[in-house]
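Asker: My structure is below; once you've seen it, I'll send some questions.
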Amino acid sequence: RLDLGPVGDLPLRKTTISPSDLGGAKVLPGATEGELGERALAAGTVLHKLLELLPEMPDGNREAAAQRICDGMIETASTGGAGPLIESALALIREPSLADIFTQGAICEVAFSAHLPALGDAPVFGTIDRLVVGADDVLVIDYKSNRSVPDSPEQIPDGILRQLGAYAAAMAQIYPDRTIRTAILWTEGRRLMEVPPDLTDAALGRAAVS
């Protein structure tokens, strides 16, 4: 875990907002409400924790470690069973096409804070699931466990695009000398989808700040 904030003098007060609270839909049109229900949210929390901790371990130790992690999380009881989540996490980490993001050089659970001009200099505090920092660019990765997965970045729900836009704007302040890229790892189907910056920038401009 790496804390990249605060940027400047940013007190964490009641007016601080989260990138996930910028309004907009979080699921595709026609998706069931169950995708945002208690069971789905609990499963997402457990899966996030597995993807945070397991990549740093030798592969032979991961399955037993995953069971211990699940046993220690109160959310597991609401998921209907740890088995499918462990299977999903291990499949993601072992997926050859995702090897570059699950490298041990990546940074997980990256806390940051920033004032974002696109939001009227509102103070924003959030946590990025995974960050891959290269010599010329920075890849921001957000995990989404939605069962309904869009076919293209243009179909991504606006609330998710707003969230990515906030991440990108904050990372641009922290890494001004690098190109900022954003991507979603759709855990359903093990698909990494990079999102063009024009989509996230436009969505951030539509964000609702109360």
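The values are calculated or read from the model by the stated rules, or taken from the named source; none is laboratory data. These numbers were taken from a predicted model, which means no experiment stands behind them. Backbone-built Cβ (ideal geometry, glycine too); neighbour counts: all protein chains shown. SASA here: full protein model, heavy atoms, side chains in, ligands and nucleic acids out. Shrake-Rupley method; radii C 1.70, N 1.55, O 1.52, S 1.80 Å.
Asker: Work out from phi, with θ = phi - 60° and the Karplus expression 6.51 cos²θ - 1.76 cosθ + 1.60, the ³J(HN,Hα) of each residue of segment 103-120, listed in order in whole Hz, and give x for Gly and Pro.
Answerer: 5, 5, x, 6, 10, 10, 6, 8, 7, 8, 9, 6, 9, 9, x, 5, 10, x
Asker: Next question, about the same structure. For the chain, what % of the accessible area comes from carbon and sulfur atoms, probe 1.4 Å?
Answerer: Roughly 51 percent, rounded to a whole number.
Asker: Please list, ordered by chain and number, the residues whose modelled amide H lies under 5 Å from the amide H of Arg191; skip anything fewer than 5 residues away on the same chain.
Answerer: Trp186
Asker: How high is the relative contact order of segment 23-133, in percent, counting Cα pairs under 8 Å that sit 6 or more residues apart?
Answerer: Worked out over segment 23-133, it gives 22 percent.
Asker: Can you list residues whose amide H is under 5 Å from Leu116's amide H, if they're 5+ apart or on another chain and H is modeled 1.01 Å from N?
Answerer: Hits under the 5 Å cutoff: Asp121, Ala122, Val124.
Asker: Could you give the dipole magnitude of the chain about its Cα centre, charging the beta-carbon of Lys and Arg +1 and that of Asp and Glu -1, in debye to the nearest 20?
Answerer: Here the chain has a charge dipole of around 320 debye.
Asker: Here is a follow-up. Any idea what angle helix 59-71 forms with the longest principal axis of the chain, computed on alpha-carbon atoms, 0 to 90 degrees, nearest 10?
Answerer: For helix 59-71, the angle is close to 80 degrees.
Asker: Which percent, nearest 5, of DSSP beta bridges in the chain are antiparallel?
Answerer: 65 percent
Asker: Once you charge only the Cβ atoms, +1 for Lys and Arg and -1 for Asp and Glu, what is the size of the charge dipole of segment 72-185 about its Cα centre, to the nearest 20 debye?
Answerer: On the way: 7 positive and 14 negative charges, 26 e Å.
For segment 72-185, the charge dipole is close to 120 debye.
Asker: Throw me the Rg/Rh for segment 136-210, computed over C-alpha atoms with Kirkwood Rh, two decimals.
Answerer: With Rg and the Kirkwood Rh in hand, the quotient comes to 0.97.
Asker: Please determine, in degrees from 0 to 90 and to the nearest 10, the orientation of helix 38-53 with respect to the longest principal axis defined by the Cα atoms of the chain, where the helix direction is its Cα long axis.
Answerer: Rounded to the nearest ten degrees, it is 90.
Asker: Tell me the mean residue ellipticity at 222 nm calculated for the chain from its helices only (DSSP H runs of n ≥ 4, each -39500 (n - 2.57), averaged over every residue, nearest 500).
Answerer: Counting only the DSSP helices, I get -10000 deg cm²/dmol.
Asker: May I pose another question? How long is the gain from Ala25 to Arg147 if the chain were fully straight, where each residue apart is worth 0.36 nm and the alpha carbon distance is subtracted?
Answerer: Between Ala25 and Arg147, full extension yields 42.4 nm more.
Asker: In whole Hz, what ³J(HN,Hα) sequence does segment 91-98 give by Karplus (6.51, -1.76, 1.60; θ = phi - 60°), x for Gly and Pro?
Answerer: Per residue, the Karplus-derived 3J(HN,Hα) values read 5, 5, 5, 8, 5, x, 5, 9 Hz.
Asker: In segment 137-193, if the dipole is taken from +1 on Lys/Arg beta carbons and -1 on Asp/Glu beta carbons about the Cα centre, which of Val140, Ser152, Gly189 is farthest to the positive end?
Answerer: Of the candidates, Gly189 comes out farthest on the positive side.
Asker: How high is the relative contact order of segment 167-210, in percent, with contacts defined as C-alpha pairs under 8 Å that are six or more residues apart?
Answerer: Computed over segment 167-210, the figure is 24 percent.
Asker: Additional query: Two decimals is fine: what's Rg over Rh for segment 69-210, C-alpha atoms, Kirkwood radius as Rh? Walk me through the numbers before you get to the answer.
Answerer: Values: Rg = 16.0 Å, Rh = 16.3 Å.
My calculation puts Rg/Rh at 0.98.
Asker: Let me ask something else. Within 10 Å, count the other beta carbons around each residue, average over each peptide in 180-191, 74-85, 94-105, and list them highest first.
Answerer: Per-residue mean Cβ counts within 10 Å order the peptides as 180-191, 74-85, 94-105.
Asker: Now, a different point. Arranged from highest to lowest average of other beta-carbon atoms within 10 Å per residue, in what order do the peptides 110-120, 154-164, 57-67 appear?
Answerer: Put in order of decreasing packing, that is 154-164, 110-120, 57-67.
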